[in-house]
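Working notes, structure below.
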Amino acid sequence: MGSSGRNKGLIASLLLLILTAACRESAVPPAADSLPYAAELRKFREADSLSPPPPGMILFTGSSSFRRWDSLEQDFAPYPVLNRSFGGSTFDDLLQIAHQAVWPYRPSAVFVYQGDNDLTRPGVTPELVMGRARRFADSVRIRLPGVPVIFLAPKLSPSRRHRQADYERLRDSLRTWAVSGPAAGWADTYSPLLDAQGRCVPAYFAEDSLHLSRAGYLKWREVLRPMVQQYATHR
């Protein structure tokens, strides 16, 4: 083989090595500091290093309606619950950070509150949110076989009441899909916050008309505590 042929062979080999390295790199999760909510993830890692959560806890993950639930542990005592939630997050964010915020904890069940912020993004429909929920459930089935996922119905809040039809479509779709899934469940955290006419009860919401008040969290506790007890007993 002449020098021209050897050079072509060398170039082809180098290209193959570069492509192989690129494929390997794409399979590696992104660096922690490049992830959404990197600062919050860092705080969780610091907390975990000081007091490592034991495997088998019941994990709550999602957006600010979970993150602001400061009394979560007391509200579900003596059952072992762990809150790893992120204010302002969406299903897409959760899918990106699950390898740090969900899988390492090896929970016995995962309670998810997402979809609320998704619906505020331009062009995002209840059907699109449902697709994201299915992707997350599929990821749990692969990474945590046999671990149930419980999806909470996104609440209707006074500041978002103009989207009530979308919230109700998402609630109904989640219910229909989740109750028929092999590793998923559903919790109606939508209806208890409304009056008989389907309007938000002001006492259940904080001053920002978006997040829950203490009274609102107590309504959620009524719905969720029997489920937490069920999964804690069978873990």
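In table form, for the structure just shown:
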quantity	calculated
Charge tally in the Cβ shell below 11 Å around Asp48, where Lys, Arg are +1 and Asp, Glu are -1, Asp48 excluded	+3
Amide hydrogen neighbours beyond the local backbone of Phe60, cut-off 5 Å, H modeled	Leu82, Asn83, Arg84, Phe111
Sorted by Cβ neighbour density within 10 Å, fewest at the top, the residues Ser108, Ser157	Ser108, Ser157
Amide H partners (placed H, <5 Å) of Ala206, local residues excluded	His211, Leu212, Ser213
Extension gain, Arg143 back to Ser71 (0.36 nm per residue minus Cα-Cα distance, nm)	23.0 nm
Stretchable slack from Leu50 to Leu194, in nm (0.36 nm times residue separation minus alpha-carbon distance)	47.8 nm
Rel. contact order, % - alpha carbon contacts under 8 angstrom, at least six apart, region 125-235	25
Pairs of Cα atoms farther than 18 Å apart, region 86-235, %	58
Rg/Rg_globular for region 42-160, with Rg_globular taken as 2.2 N^0.38 Å and Rg from C-alpha atoms	1.05
Label-point gap, in nm, between Arg175 and Thr120 - each point 7 angstrom along Cα→Cβ	2.5
Hz values of 3J(HN,Hα) by residue in region 52-67 - Karplus curve (6.51, -1.76, 1.60), Gly and Pro given as x	x, x, x, x, x, 6, 8, 8, 9, 9, x, 9, 5, 5, 7, 4
P(r) histogram, all alpha-carbon pairs of region 30-97 included - 10 Å bins from 0, percent	19, 51, 28, 2
Computed log₁₀ I(q)/I(0) - Debye formula, equal Cα scatterers, no solvent, region 100-170, q 0.15, 0.21, 0.27 Å⁻¹	-0.55, -0.89, -1.20
For region 171-235, the spread of Cα positions along each principal axis, largest first, Å	38, 26, 20
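A short reminder: the numbers here are calculations on the coordinates, not readings from a lab. The structure presented is a predicted model; accordingly, all values stated were derived computationally and were not measured. Every residue, glycine among them, receives a Cβ derived from its backbone with ideal geometry; neighbour counts consider all protein chains shown.
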